[in-house]
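Chemist: Just passing along the structure, written as structure tokens.
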Amino acid sequence: MKPLSPELLLKAYAIGVFPMAEGRDDPRIVFVDPDKRGVLPLDGFHMPRSLRKTIKRGIFEVRCDTAFEEVLVGCAETTAKRRDTWINPEIERLYNQLYRLGFAHSVETWRGDELVGGLYGVALGAAFFGESMFSRETDASKVALAALVERLTRGGFTLLDTQFLTEHLARFGAREVPREAYRQMLEDAIVRDAAFPKG
């Protein structure tokens, strides 16, 4: 079977589907088109008071696109709470290619020289498709999410796609929208110009 290309992946995002693997050791990739889609309205981001305090204390340094491959590895790690992952080696290959092409981005949280959390996703027009996040310290991924929302807002993005709604994301203001409503939001976003700010 011919390997998937980054170009095909971008076309999939543009029509509202995204790739996943059934497990880390499953080489196959399936495209997912859920009935309800998770989105995080950029003008409706809820910042918990405790997270605001953490950010003000400056515990973590936030960087963008300085350790994309390492963030991808962190997101693919298994943990006590997550015994398996949907990120297989083929997913890693594809997203590293998208990063080199300028479509994929990482937001990273650092403590000194140690990467302790972060997230990555894909930018297409004014839509950002959040893929995964990880945390090795308390609040590290939450700080990355807050930094992502700030950058997307500043860069002119109109859609932050979270794929699925989780209890964790709902605490920040994420909600579900029906497939057709999501596709309308997507069509509007991908024809707009936006720029992902690195700093």
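The values are calculated or read from the model by the stated rules, or taken from the named source; none is laboratory data. On a predicted model such as this, the values are computed, not experimentally measured, just so you know. In this analysis, Cβ positions are derived from the backbone assuming ideal geometry, glycine residues included, and neighbour counts consider all displayed protein chains.
Chemist: Which of (1) touching an Asp or Glu at 6+ places or on another chain (Cβ under 6 Å); (2) farther than 20 Å from GLY44 by Cβ is the odd one out, the single condition ASP113 does not satisfy?
Modeler: Result: ASP113 fails condition (1) only.
Chemist: Within region 165-191, count every residue that is loosely packed, with under 14 Cβ neighbours inside 10 Å and either of a type in the set (Ser, Thr, Tyr) or under 19 Å from VAL17 (Cα atoms) (or both).
Modeler: Qualifying residue count, region 165-191: 7.
Chemist: While we're here: Given the criterion modelled with pLDDT of 95 or more and polar (S, T, N, Q), identify the matching residue among THR85, THR166, THR158, THR78.
Modeler: THR158
Chemist: Considering only region 43-64, I want to know if a residue exists there that is β-branched (Val, Ile, Thr), surrounded by 15 or more Cβ atoms within 10 Å (Cβ to Cβ), in contact (Cβ under 8 Å) with a residue 24 or more places away in the chain and in a loop (DSSP other than H, G, I, E, B).
Modeler: Yes; the residues of region 43-64 include at least one that is β-branched (Val, Ile, Thr), surrounded by 15 or more Cβ atoms within 10 Å (Cβ to Cβ), in contact (Cβ under 8 Å) with a residue 24 or more places away in the chain and in a loop (DSSP other than H, G, I, E, B).
Chemist: Taking region 111-148 as the search range and keeping residues that are over 12 Å from the mean Cα position of the chain (by Cα), within 20 Å of THR78 (Cα to Cα) and part of a strand (DSSP E or B), which one is modelled with the lowest pLDDT?
Modeler: Across region 111-148, the extreme among qualifying residues is SER135.
Chemist: Go through region 172-199 and give me each residue that's assigned to a strand (DSSP E or B) and among the basic types (Lys, Arg).
Modeler: ARG175
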